[in-house]
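The values are calculated or read from the model by the stated rules, or taken from the named source; none is laboratory data. These numbers were taken from a predicted model, which means no experiment stands behind them. Positions of Cβ are backbone-derived with ideal geometry, glycine not excepted, and every protein chain shown enters the neighbour counts.
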Ligand SMILES: NC(=O)c1ccc[n+]([C@@H]2O[C@H](COP(=O)([O-])OP(=O)(O)OC[C@H]3O[C@@H](n4cnc5c(N)ncnc54)[C@H](O)[C@@H]3O)[C@@H](O)[C@H]2O)c1
């Protein structure tokens with residue numbers, strides 16, 4: 001097992017002024033990376049801004065001889081963050097899309113602003129930073145991108161319609177970029193962390209906060225960003241030194257045949273079989289959907305139309 005090093009690599013960590021982002025930034029710097037420490041420095045619900053958050057992490061990195069520069073732009077202006085990387089270090093290799101905040105409310109009470117702010121930071125922010133870094137990664141034939149979803153994004157959660165929808169969007173973005181970037185060695189993976197931070201300190205006591213310290217998430221991100229890692233398009237749950245991969249699963253399903261129109265009553269009558277996972281299989285890519293339905297009806301849905 002060789003040591004993972006990031007010499008000559010430039011990393012952007014968004015939202016690196018505290019919590020998980022700070023922990024990633026410190027570890028990348030310890031392993032030789034040049035780090036852009038981005039943080040707008042707002043509150044846990046996305047209000048205000050302050051340059052102190054990013055500055056203090058840059059100071060920490062410099063104190064142990066590491067190389068880092070601060071950036072205070074909102075991720076909504078991702079091109080400026082990438083510009084900071086290029087202006088200071090001349091390249092960009094790794095993007096950790098981590099910045100975010102919560103505006104939890106039941107769907108009944110949620111205002112448009114709660115919805116928009118969450119989409120702006122999590123979805124538009126990750127899109128803007130990654131979009132600006134993408135051409136550099138493609139041109140140099142190397143890139144690693146991490147998207148941060150949440151268990152709420154994978155499973156849904158009461159009071160988090162905005163957050164879970166936005167975090168779900170990042171699953172789709174990460175998986176599609178994994179497909180589009182693969183040929184050029186630009187790999188994207190998605191993580192759903194569990195960490196004690198200011199976002200969770202209101203719900204957990206000190207014992208849990210300590211056991212879920214952000215440092216316990218860091219090894220996964222470091223591994224996924226290693227140039228020798230071939231993991232691409234994965235979704236991982238991680239926290240408290242627990243590391244697990246998540247995938248979707250498809251029941252065998254029921255095919256009624258396409259000769260006659262099937263009624264809703266017929267579907268209802270086979271509901272248990274449709275939802276039966278006894279003979280399930282992992283549903284790993286879009287092709288498998290076409291194969292599954294094609295096998296059921298005896299057609300090759302992947303075959304292209306004759307011109
Ligand atoms: N802590 C958890 O258990 C948990 C669970 C699931 C997902 N997450 C996700 O992990 C990420 C990090 O969360 P954390 O727990 O470390 O929270 P945190 O509040 O400690 O860190 C988030 C950082 O992002 C910064 N930020 C917010 N808006 C920004 C913007 N527009 N531009 C730049 N920076 C901005 C904040 O200033 C803050 O420093 C978030 O995306 C969060 O949704 C966390």
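Here are the numbers:
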{"read-out": "Among (1) at pLDDT below 95; (2) within 15 Å of the ligand (Cβ to nearest atom); (3) in contact with a strand residue (DSSP E or B) (Cβ under 9 Å, 6 or more places away or on another chain) - the single one residue 252 does not satisfy", "value": "(2)"}
{"read-out": "Of all residues in segment 121-150 being at negative phi and surrounded by fewer than 17 Cβ atoms within 10 Å (Cβ to Cβ), the one that is nearest to the ligand (Cβ to nearest atom)", "value": "131"}
{"read-out": "Qualifying residues in segment 96-105 (those that are assigned to a strand (DSSP E or B) and either within 13 Å of the ligand (Cβ to nearest atom) or at pLDDT below 95 (or both)) - the one surrounded by the most Cβ atoms within 10 Å (Cβ to Cβ)", "value": "97"}
{"read-out": "Among the residues listed as 227, 281, the single one being closer than 21 Å to residue 175 by Cβ and surrounded by 12 or more Cβ atoms within 10 Å (Cβ to Cβ)", "value": "281"}
{"read-out": "Helices (runs of 4 or more DSSP H) wholly inside segment 233-307 that include at least 3 residues being under 22 Å from residue 154 (Cα atoms)", "value": "286-297"}
{"read-out": "Within segment 17-59, considering residues that are within 21 Å of residue 87 (Cα to Cα), more than 7 Å from the ligand (Cβ to nearest atom) and in contact (Cβ under 8 Å) with a residue 60 or more places away in the chain, the one surrounded by the fewest Cβ atoms within 10 Å (Cβ to Cβ)", "value": "33"}
{"read-out": "Odd one out for residue 198, checked against (1) within 10 Å of the ligand (Cβ to nearest atom); (2) surrounded by 18 or more Cβ atoms within 10 Å (Cβ to Cβ); (3) closer than 15 Å to residue 23 by Cβ", "value": "(2)"}
{"read-out": "Residues of segment 183-195 satisfying the condition of being surrounded by 14 or more Cβ atoms within 10 Å (Cβ to Cβ) and more than 15 Å from the ligand (Cβ to nearest atom)", "value": "184, 185, 186, 187, 188"}
{"read-out": "Filter result (touching a residue at least 60 places away in the same chain (Cβ under 8 Å) and either farther than 21 Å from residue 31 by Cα or outside any loop (DSSP other than H, G, I, E, B) (or both)) within segment 219-232", "value": "221, 222, 223, 224, 225"}
{"read-out": "Top-ranked residue of segment 106-120 - restricted to ones that are touching a helix residue (DSSP H, G or I) at 6+ places or on another chain (Cβ under 7 Å) and assigned to a loop (DSSP other than H, G, I, E, B), ranked as nearest to the ligand (Cβ to nearest atom)", "value": "110"}
{"read-out": "Which listed residue, of 47, 27, is assigned to a loop (DSSP other than H, G, I, E, B) and over 18 Å from the mean Cα position of the chain (by Cα)", "value": "47"}
